[in-house]
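Here the structure is laid out as structure tokens; the discussion comes afterwards.
Every read-out reported here was derived from the displayed coordinates using simple, explicitly stated rules and does not represent laboratory data. What you see is a predicted model, and the numbers here were worked out from it, not measured in a lab. All Cβ positions, glycine included, derive from the backbone under ideal geometry; neighbour counts span all protein chains shown.
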Amino acid sequence: MNAVKRSPQALLVYLFVAIAIGLAAAIYYAPVWWVSLTAPNYPAEAFPDGVRIHFHMNGVFNGCELVEKAEIAEDEALNCVHEMDTINHYVGMYPIAAGGVVERAFSPFLLGMLAVMLVGFAVPKPGARMAVMGAGFAGLVVWMGLFFYAEGGLKYQSEGYLEAMVTALDQGAGEAETGERRSSGQALIDRLKAEMAEATGQPQAAEDTAEAEELTKKQRYLENLRVTFERDMQRQGKETEWRGSGAQLLSWHYKKSLGRYFNNPEEIKPMVSAMTAFAHFVFWALIGAMLLLIWGARKNGGLFYWLLVLVPMALPLFFLIDYAGWLWWYGHNLNDMGAFTVKPFMPTVFGDGKVAQFATHSYPHIGFGLMAAMSVLLALAALFRRKAWKAQV
């Protein structure tokens, strides 16, 4: 098939693809879905949205806001990720951080891969398409490899991803010792202060305090993960060193998440092994998929060419399948150590439901709307590309 000339239809393809790539970048930072639990013991006056959490591509974040009323005194909003974990564990559900582990870790590379595919779809000449996709995928592989396998690779991840990982481990850091609730930022600073004092054997100096407070949020999260890991290894009597790689974090963090409420090593160990193996498989499978797409880009038309736009177009469907699959996993993998015994169940994917005395609410957020808008634009781009090619026949 001959290369497409720059007709008005071809220009529309470029425009729609460019907007779709911008939307893909926005999707990474936007909440995609929200879930809320309401119950009589969570009155609307104090919990206007119930116990609410927001699902992002790179983690699960607090959806509760600070309540400002004369009869309610709050210095910071309740962390509803922690609150929902607490509620769920009574029926044997694993913490939220135990779900979507691999998807969250690889989300920036998956979205980057979709963006490169869309650029390849927009390029009409096969030779140029292969070159552009080859360069784009090569950059992604280097970035992904640095994150997953290189020492200190976590610095190549987003701040939001690290925040979600720290929050999952640092539930109310310091509360058990002091009986006080502190912000996550202050908890991180206090932990770094303690670590500095422990390393020097001296009381915390003012300059050390200033040094800890001057760290960027991302540096604090990285330091928090390192300190937590090293202390965990000390408690277990292990000499494992902190490498700061994505692969090391995933395996250790998943084990910690599973054992937060239900510390049963015989049950947890095979789950961790399976997840770790799957993460390595996904890494190499993505590289294989990239090579296959480059090979398929050698000519216009055909299945591989249209996959360049059809796969990104189906992103909302992929999200729903993955989201529903994890909800099923949570409801059908209840730990026997839960305080209450309930039958396996399917949590509400969309709409309202009920579990015990709790009403559940599950609905799309702005990120899912961006996914839908991206799908419409890509459908139009595919339609105009097809018409442009037909006009040249």
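Please list 3J(HN,Hα) in residue order for region 276-293, calculated via the Karplus relation 6.51 cos²θ - 1.76 cosθ + 1.60 where θ = phi - 60°; whole Hz, with x for glycine and proline.
These are the phi-based 3J(HN,Hα) values: 4, 4, 5, 4, 5, 4, 4, 4, 6, 5, 5, 5, x, 5, 5, 4, 5, 5 Hz.
Using a 10 Å cut-off on Cβ atoms, rank the peptides 270-278, 50-58, 336-344, 222-230 from the highest mean neighbour count down.
Ranking the peptides 270-278, 50-58, 336-344, 222-230 by packing returns 50-58, 222-230, 270-278, 336-344.
Please compute the net charge surrounding residue 326, taking Lys and Arg as +1 and Asp and Glu as -1 over other residues with Cβ under 12 Å from its Cβ.
The answer is -1.
Run the paramagnetic zone check for residue 65: 7 angstrom along Cα to Cβ, then residues of region 31-54 with backbone nitrogen under 19 Å.
Under cut-off, by backbone N: 31-38, 43-54.
Could you compute the FRET efficiency for residue 329 and residue 45, with r as their C-beta to C-beta distance and R0 at 41 Å, rounded to 0.05?
Once rounded, the FRET efficiency stands at 0.75.
Could you calculate the FRET efficiency of residue 274 with residue 11 from 1/(1 + (r/R0)^6), where r is the beta carbon distance between them and R0 is 41 Å, rounded to 0.05?
0.25
So what J values fall out for region 131-139 if you push phi through Karplus, 6.51 cos²θ - 1.76 cosθ + 1.60 with θ = phi - 60°, rounded to Hz, Gly and Pro as x?
5, 5, 5, x, 5, x, 5, 4, x
In the structure displayed, which of 217/255; 155/299; 238/343; 269/354; 217/343; 218/256 lie more than 30 Å apart, Cα to Cα?
As for pairs spanning more than 30 Å Cα to Cα, those are 155/299; 238/343; 269/354; 217/343.
For region 146-162 and region 3-55, compute the distance between their C-alpha centroids and round to whole Å.
Spelled out, the Cα-based centre of one part sits 24 Å from the other.
Relative contact order (percent) for region 348-392, with alpha-carbon contacts under 8 angstrom and 6 or more residues of separation?
Averaging sequence separation for qualifying contacts and normalising by length gives 23 percent for region 348-392.
By how many nm would the segment from residue 231 to residue 19 grow when fully extended, if each residue of separation counts as 0.36 nm and the alpha-carbon distance is taken off?
71.7 nm
What are the residues whose amide H is under 5 Å from the amide H of residue 50, where those residues sit 5 or more places off or on another chain and H is modelled from the backbone?
none
Using the Kirkwood formula over every pair of different C-alpha atoms, what hydrodynamic radius in Å results for region 15-148?
It works out to 17.9 Å.
Could you tell me the relative contact order of region 91-176? Use alpha-carbon pairs under 8 Å, at least six residues apart, and round to a whole percent.
So the answer I get is 25 percent.
For residue 349 and residue 299 in the same chain, what is the full-extension length gain: residue separation times 0.36 nm, less their Cα-Cα distance, in nm?
14.0 nm
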